[in-house]
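Below is one structure, written out as structure tokens; the observations come after it.
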Amino acid sequence: FESVFHRSTGLVLDPYFSGTKVKWLLDNVPGLRTKARTGKICFGTIDTWLIWKLTGGRSHVTDMTNASRTLLFNIRKKAWDNKLLKILNIPKNLLPKVKNSGSIFGETKSGLVPGLPAGIPIAAVMGDQQAALYGHGCYGPGGIKNTYGTGSFLVFNTGKKLVYSKEGLLTTICSDVKGRPIYALEGAIFITGAAIQWLRDGLKIIKSAEDTDRLSRKVKDSGGVYFVPAFTGLGAPHWAPHARGLISGLTRGSTKNHIVRSALESIAYQTRDVFEIMQRTFGKEVKELRVDGGACRNDFLMQFQADILRSRVLRPRAIESTVQGAAHLAGITTGLWREKDLRNMHRLDRVFRPSMSPGERERLYNGWREAVKRAL
């Protein structure tokens, strides 16, 4: 079945996505399947639930970017896939109506939230990573961004070209400037910022995430230490749920500074794992990566990222790109802004340029790949 799901949805058959969870609930919660068949319950991703609540139960709807993450949506036909629904034994009447991201999804109802008036149009809905891509202004093919959060998510806009990966990337739907569906490749890295949280809360060798920049600069390199943060397995491009984390290369000369630095470097290495596959899959060299999310504030990490990718890293002034993307698309949908207005809104904070020698770059990255083999 895996190839059937991948061809239709662009996803891998993994419990990370909604479809198999819905099947489990219907199969294991007494009476739930009967309620599904008789229309007494409905399903949706978090956007569907929010719209349902904000409209007072008048709109059961989602957009294509969120639908494409459920393992139930055919990204070629841009519709719920009847074959997959049959395989999973999920009734179609359970599912929300699917619209373009730049659409009117309903209007707010009064009395639901204190101070929220009735009649406000819900004019843009996008998945988290697709909204961040839009917020960076990556409306056309070749645009790529990485969001550094608890995990990291690279999304590469392939435009109208539907590209399938044979190396562990997902194919998904994103939006052009007017919110119409186009395609993208995505690499989901499970643990990046969460590794820094573990240093703080688990090992207690840092007091805050901000400490990592300063501590990493106290040593000239990681001293041969590599940290593979496979706490919940490895995501793209490996998709190895049973892999486990490790710290390798420790000697008596290793200090907490080496471990902290190796944790930051692991974020950059995992990004390169995905970044290079995206370039090969799309057949185009990428010379810059746009970044957002809390960890992109770390100057050491961003410089190391530029070095290990051999590409420019562009950090915007507004690093909450998901919120910005959703707001920008709502403005386009309602006619508040035009395309040229959006392009004038993007402001850069800093550009990080690669300065590491090619030999050093490959030596460090080869050490990372050996460490990942051990984790696998």
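Can you give me the number of residues within segment 260-281 that are open to solvent by 30 Å² or more (accessible area, probe 1.4 Å) and either in contact with a strand residue (DSSP E or B) (Cβ under 8 Å, 6 or more places away or on another chain) or hydroxyl-bearing (Ser, Thr, Tyr) (or both)?
1
Quick one: which residue in Phe73, Phe43 is at pLDDT 95 or above, of a type in the set (Phe, Trp, Tyr) and open to solvent by less than 10 Å² (accessible area, probe 1.4 Å)?
Phe73
Quick one: is Glu362 free of Cβ contacts under 8 Å to residues at least 60 places away in the same chain and surrounded by fewer than 17 Cβ atoms within 10 Å (Cβ to Cβ)?
The answer is yes for Glu362.
I need the strands (runs of 3 or more DSSP E) fully contained in segment 273-363, keeping only those with at least 1 residues that are aromatic (Phe, Trp, Tyr). It would help to see each step written out before you state the result.
Numbers: elements: 288-292, 312-316, 348-352.
In segment 273-363, the matching strands (runs of 3 or more DSSP E) lie at 348-352.
Consider Arg347 carefully, then state whether it is open to solvent by 70 Å² or more (accessible area, probe 1.4 Å) and either more than 16 Å from Phe153 (Cβ to Cβ) or without any contact (Cβ under 8 Å) to a residue 12 or more places away in the chain (or both).
In short, yes.
Does Ala123 satisfy the condition of being in a helix (DSSP H, G or I) and either modelled with pLDDT of 95 or more or of a type in the set (Lys, Arg) (or both)? Break it down stepwise before answering.
Numbers: in a helix (DSSP H, G or I): no; either modelled with pLDDT of 95 or more or of a type in the set (Lys, Arg) (or both): yes.
No; evaluated as a whole, the condition is false for this residue.
Here are some conditions: (1) open to solvent by less than 70 Å² (accessible area, probe 1.4 Å); (2) within 22 Å of Pro237 (Cα to Cα); (3) of a type outside the set (A, V, I, L, M, F, W, C); (4) under 18 Å from the mean Cα position of the chain (by Cα). Ser8 meets all but one. Which one does it not meet?
With (1) open to solvent by less than 70 Å² (accessible area, probe 1.4 Å); (2) within 22 Å of Pro237 (Cα to Cα); (3) of a type outside the set (A, V, I, L, M, F, W, C); (4) under 18 Å from the mean Cα position of the chain (by Cα) applied to Ser8, the lone miss is (4).
Could you say which residue among Val219, Val274 is in contact with a helix residue (DSSP H, G or I) (Cβ under 6 Å, 6 or more places away or on another chain) and not basic (Lys, Arg)?
Testing whether each residue is in contact with a helix residue (DSSP H, G or I) (Cβ under 6 Å, 6 or more places away or on another chain) and not basic (Lys, Arg) leaves just Val219.
The values are calculated or read from the model by the stated rules, or taken from the named source; none is laboratory data. Not measured: the values here are computed from a predicted model. With ideal geometry, Cβ positions are generated from the backbone for all residues, glycine too; neighbour counts draw on all protein chains shown. In case anyone asks, the SASA skips ligands and DNA or RNA and just uses the protein heavy atoms, side chains included. Shrake-Rupley method; radii C 1.70, N 1.55, O 1.52, S 1.80 Å.
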